[in-house]
Structures are given as C-alpha cells and as structure tokens.
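Asks: One structure is given below, represented as structure tokens, and several questions about it will come after.
The values are calculated or read from the model by the stated rules, or taken from the named source; none is laboratory data. Fair warning: this is a prediction, and the values are worked out from it, not measured in the lab. Glycine gets a Cβ as well: all are built from the backbone with ideal geometry, and neighbour counts include every protein chain shown. The protein model used for the area step is the full one, side chains on, heavy atoms only, and it has no ligands, DNA or RNA in it. Shrake-Rupley method; radii C 1.70, N 1.55, O 1.52, S 1.80 Å.
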Amino acid sequence: RGCPVVVSDADGPRDIVDDGATGLMVKKDAPEPLAAALRRMVEDPELAARLAAAGEVSVRERFGAARVGDQLETAIGAVVAHYREAQRPQQRSA
C-alpha cells in the first residue's frame, strides 16, 4: 500500500505533505534532520504505517484519476465556452 515519506520543505513537496500527518518534513539542505527523520520512521513502524496510510488517502483524494478527470473536464469546458463566445458575431450598437 502506501509508503511513508520524508520530504524537504522545498517548493512542491511542502504543498503535498502535511508534516506529521501525511509524512515528515525537514528543512532543505539539512542532512542531520533528514537522517533523524528517516531514523524515526525506521524506529517507529507504527508512525511510519500511520503516515503511509494517511498519505495514500491524501494523494488519492487530491490527485486521483477521478479528481484530475473532473478538473480536466472543467478546464476543457471553460476553454470551449470561451471559444464559442469568441466565435459569436459581434453585435453592433445602433
């Protein structure tokens, strides 16, 4: 199933992982906190399992096929509506 994650607080990962809830986050370019977080995952399998399960649920809800499909459908609908509006003949004022 899911995999516990340790990420840096760099752009991207910090927008996906909720520190302590769906994974662990450490300062970027900081090897000692990274090593400590990895060690914590190894030494506390219950924590690792809880974070992995919560992370999997979060990723499926936020980035799963159904959600992405809905977002894509909405975006395509907006583009089509804009195109149709642009193709309408302009009405002249009298």
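Asks: Since residue 28 meets every condition but one in (1) open to solvent by 80 Å² or more (accessible area, probe 1.4 Å); (2) part of a helix (DSSP H, G or I), which condition does it not meet?
Replies: Result: residue 28 fails condition (2) only.
Asks: Related question: For segment 73-93, state whether one or more residues are in a helix (DSSP H, G or I), under 19 Å from the mean Cα position of the chain (by Cα) and under 21 Å from residue 18 (Cβ atoms).
Replies: no
Asks: How do the pairs read when you match residues in segment 30-57 that are farther than 19 Å from residue 1 by Cα with residues anywhere that are open to solvent by 90 Å² or more (accessible area, probe 1.4 Å) and not aliphatic (A, V, I, L, M), using Cβ under 8 Å and keeping only pairs 6 or more apart or on different chains?
Replies: Correct list of pairs: 33/27.
Let's see how each residue does on (1) in a helix (DSSP H, G or I); (2) at pLDDT below 95; (3) surrounded by 13 or more Cβ atoms within 10 Å (Cβ to Cβ):
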| residue | (1), (2), (3) |
| --- | --- |
| 1 | no, yes, no |
| 11 | no, yes, no |
| 15 | yes, yes, no |
| 24 | no, no, yes |
| 42 | yes, no, no |
| 47 | yes, no, yes |
| 52 | yes, no, yes |
| 59 | yes, yes, yes |
